[in-house]
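Notes for the one structure printed next.
Read the figures in this text as sums done on the coordinates, not as results from a lab. Since the structure is predicted, the reported quantities are computational estimates derived from the model, not experimental observations. Counting neighbours? That spans all protein chains shown, and the Cβs are built from the backbone with ideal geometry, glycine included.
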Amino acid sequence: MQTKETLQTAQLPQVHEPRNDGIALDLSWVKAAQANTSAIERRAATLGGRRSIKKEYQAAWLCKAVSLMDLTTLSGDDTAARVRRLCAKARQPVDATILGKLGMTGLTTGAVCVYHDMIPTAVDALAGTGIPVAAVSTGFPAGLSPFHLRIAEIGESVASGAEEIDIVISRRHVLTGNWQALFDEMKEMRAACGDAHVKAILATGELGTLRNVAKASLVCMMAGADFIKTSTGKESVNATLPVTLTMIRAIRDYQDRTGIKVGYKPAGGISKAKDALLYLALIKDELGDRWLQPDLFRFGASSLLGDIERQLEHHVTGNYSAQWRHAIG
């Protein structure tokens, strides 16, 4: 994972894979999907001991993590002023003095993620930057509003300027093994997104087993999801390394069989720079360098950026600053 080119490539212009148009639902493939929970948990538990990144290499990979971040605010008390501050942070996520000492310019986050009502504010604040606005949709976070309203919500968000839509699946379809219903639902949501890329939120903490996570991942990709995402961030259990390993192996399987690359987004519970490094190491090991670009990998994060900025300041100055000096808002 230690490559001297990482610092320079953290800010490369975004590239884009062809959209995932999906395939026909293959129930034999879905039903055959397995997850060896004990082996997956062992692999995840040993990752930190086998990956140690120090000094300039660590700084480089932390800058990479910033470029892959969906800077997010999804609170009931969100205001236009808060979203504008968040967008300003997305445009300049790390202090310019620190970036100058690292020899880096032009670093931004991968996107800004907001509720529907805040899309116009975010679009205006990010005009001319190339940073896309992502919106959570379809009755986020529970996904239990009437289906026609969830579809209409997607259309409203796209019309307001969102370039990415984070939808939530109906967990009951997974828990009851109704894969046809999940496929049909996801396919219709994908169609409603039009040209906007769609991230399917599985809410993995509520799916019961890693086998269910693997099967749901496959079904959503078959139905045309451009990304599969772990969580809304509102569940009691959000992104974890075992869930990540399960989902990215499903992505690898899908790519091997179809030739189509699908993105991955862990969200919720990733707040420390050291955790971000573990996720990047796992992605590099399992999927390769191509998935270390914003069109195929994102962190769903809010507090993570503050800790990364503290670590970068420590690398430059040798001193840690207080957390409050790096507030994302």
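Values for this structure:
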item	result
Residue-averaged 222 nm ellipticity for the chain, from DSSP H runs of 4+ at -39500 (n - 2.57), nearest 500	-14500 deg cm²/dmol
FRET efficiency, 1/(1 + (r/R0)^6) with R0 35 Å, evaluated for THR317 and ALA191 via beta carbons	0.10
Gain upon complete extension [ALA152, LYS55; 0.36 nm per residue less C-alpha separation]	30.0 nm
Solvent-free Debye scattering, log10 I(q)/I(0), computed from the Cα coordinates of region 153-244 at q = 0.18, 0.21, 0.22 Å⁻¹	-0.75, -0.98, -1.05
Highest-MSF residue in the chain out of THR317, THR232, THR209 [GNM, Cα springs under 10 Å]	THR317
Separation of the ARG325 and ARG172 label points, Cα + 7 Å toward Cβ, nm	5.2
Between 0 and 90°, nearest 10: helix 37-50 axis offset from the chain longest Cα axis	10
Stretchable slack from ARG19 to THR37, in nm (0.36 nm times residue separation minus alpha-carbon distance)	3.4 nm
Ordering of 79-85, 160-166 by packing [mean C-beta count within 10 Å, highest first]	160-166, 79-85
Label zone at ASP95 (point 7 Å along Cα-to-Cβ), backbone N below 15 Å, region 281-308	306-308
log10 of Debye I(q)/I(0), alpha-carbon scatterers only, for region 196-302 at 0.11, 0.12, 0.24 Å⁻¹	-0.28, -0.34, -1.49
Extension gain (nm, one decimal) between ASP124 and LYS234, 0.36 nm per residue minus Cα-Cα	36.9 nm
SER271 versus SER28: modelled label distance in nm, points set 7 Å from Cα along the beta carbon direction	4.8
Cubic angstrom per residue, convex hull over Cα atoms of region 85-144	89
Angstrom value of the Kirkwood radius, inverse mean 1/r, which spans all Cα pairs in the chain	19.8
Nearby lysines by direct alpha-carbon distance to LYS187 (threshold 25 angstrom, same-chain neighbours under 8 apart not counted)	LYS31, LYS199, LYS215, LYS229, LYS234, LYS261, LYS265
Long-range amide H partners of MET69 with built H, under 5 Å	GLY110, ALA111, PHE299
